[in-house]
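Structure, as structure tokens:
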Amino acid sequence: MSKNLLWTLVVIGTAAVVIFTVLVVSGPPGAPTSRSARSGAVPEELLVRPDSHRLSTAPRSEVTLVEFLDFECGSCGAAYPAVEQLRRDYAGRLDYVVRYFPIPSHRNADLAAQAAEAAAAQGEFEAMYRMLFENQDAWAGAQESQEATFVGYAERIGLDTARFRTDLHSPATAERVQRDRDDGLAAGVTGTPTFFLNGEQLRPESYGDLVAAVEDALRR
């Protein structure tokens, strides 16, 4: 399957793609439609903190892709397979960093981010990241708390569930999630998913655009 076809199936083939297009490609009303939504790069300290979660690392690379995401966001769920493809295609050549940006209107977005952070406390951030996205249809959009669902995910990936429950509701966990969101707001994030490549906000219209941006950065 070609990369462009993969993006088409992931991003265009579902209703969530409409939201993805509005938030990532078009942006909010009046937002610029160029590849970079801001003039110049966003300060690195707003995009990557010492405790930020790196899912892909390339020790000799100077190319960093940062995604501000909401685990309950349908557009983030639609983009997830394409992001995973990008990580596979550029393994060892690209740093990929995840930042939390829960949308207030999503009932369980904060709790999902806190679940990922509670899993991170046991060294299993990526396992929970995958669990939340790959099962998003089972819990996203619910108006009741999905705590029991997330505890079930923690059990499935082998976490100490008693510790997970404690960390899930820890003030430190909530503060950690809020720090990410505050950084996103300061960087100009208004919706999810929002990508930054070496400090510049991207508005990819296809998987090919994302690949082209990464290739360009690797050549510099």
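The values are calculated or read from the model by the stated rules, or taken from the named source; none is laboratory data. What you are looking at is a predicted structure, and each value in this text was computed from that prediction instead of being measured. Note that we place each Cβ from the backbone using ideal geometry, even for glycine, and neighbour counts take in every protein chain shown. Side chains included, ligands, DNA and RNA excluded: accessible areas come from the protein's heavy atoms. Shrake-Rupley method; radii C 1.70, N 1.55, O 1.52, S 1.80 Å.
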Identify the single condition in (1) open to solvent by 50 Å² or more (accessible area, probe 1.4 Å); (2) under 15 Å from the mean Cα position of the chain (by Cα) that H169 does not satisfy, given that it satisfies every other one.
(2)
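Evaluate the following for Q114: is it modelled with pLDDT of 95 or more and outside any helix (DSSP H, G or I)? Working first, answer last.
Working: modelled with pLDDT of 95 or more: yes; outside any helix (DSSP H, G or I): no.
The answer is no for Q114.
Limited to the range 191-205, what total is found for residues that are farther than 18 Å from A116 by Cβ and in contact with a Leu (Cβ under 8 Å, 6 or more places away or on another chain)?
The first filter runs over the range 191-205 and keeps only residues farther than 18 Å from A116 by Cβ, leaving 191, 195-205.
Keeping just the survivors that are in contact with a Leu (Cβ under 8 Å, 6 or more places away or on another chain) gives 191, 195-197, 199, 202, 204.
Within the range 191-205, residues that are farther than 18 Å from A116 by Cβ and in contact with a Leu (Cβ under 8 Å, 6 or more places away or on another chain) number 7.
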Yes or no: R99 open to solvent by 20 Å² or more (accessible area, probe 1.4 Å), closer than 30 Å to G208 by Cα and in contact with a helix residue (DSSP H, G or I) (Cβ under 8 Å, 6 or more places away or on another chain)?
no
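For the range 57-85, how many residues are more than 22 Å from N135 (Cα to Cα) and either at pLDDT below 95 or open to solvent by 20 Å² or more (accessible area, probe 1.4 Å) (or both)? If you could, list the steps in order and put the result at the bottom.
Within the range 57-85, the first condition is being more than 22 Å from N135 (Cα to Cα), and the residues that meet it are 57-66.
Imposing the further condition that a residue be either at pLDDT below 95 or open to solvent by 20 Å² or more (accessible area, probe 1.4 Å) (or both) reduces the set to 57-64.
Of the residues in that region, 8 qualify.
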Index of the failed condition, F164 passing every other in (1) open to solvent by less than 10 Å² (accessible area, probe 1.4 Å); (2) in a helix (DSSP H, G or I); (3) touching a strand residue (DSSP E or B) at 6+ places or on another chain (Cβ under 8 Å)
(3)
Cβ pairs under 8 Å, 6+ apart, first in the range 196-220 and open to solvent by 30 Å² or more (accessible area, probe 1.4 Å), second modelled with pLDDT of 90 or more and outside any loop (DSSP other than H, G, I, E, B):
N198/T64; N198/A217; D209/L202
Evaluate the range 81-104: report whether one residue or more is over 26 Å from L47 (Cβ atoms) and β-branched (V, I, T).
no
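State yes or no: is D137 under 24 Å from A58 (Cβ atoms) and open to solvent by 50 Å² or more (accessible area, probe 1.4 Å)? Let's see the steps before the verdict.
On the way: under 24 Å from A58 (Cβ atoms): no; open to solvent by 50 Å² or more (accessible area, probe 1.4 Å): yes.
No; evaluated as a whole, the condition is false for this residue.
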Evaluation of Y153 against (1) buried (at least 20 other Cβ atoms within 10 Å of the Cβ); (2) closer than 30 Å to V42 by Cα; (3) modelled with pLDDT of 95 or more (one fails), failing number
(2)
Identify, from the list R88, R60, the residue that is part of a helix (DSSP H, G or I), free of Cβ contacts under 8 Å to residues at least 40 places away in the same chain and not β-branched (V, I, T).
R88
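Taking the stated definitions as given, is D180 surrounded by 15 or more Cβ atoms within 10 Å (Cβ to Cβ) and in contact with a Lys or Arg (Cβ under 6 Å, 6 or more places away or on another chain)? So that I can check it myself, show each step before the final result.
On the way: surrounded by 15 or more Cβ atoms within 10 Å (Cβ to Cβ): yes; in contact with a Lys or Arg (Cβ under 6 Å, 6 or more places away or on another chain): yes.
For D180, the condition - surrounded by 15 or more Cβ atoms within 10 Å (Cβ to Cβ) and in contact with a Lys or Arg (Cβ under 6 Å, 6 or more places away or on another chain) - is met.
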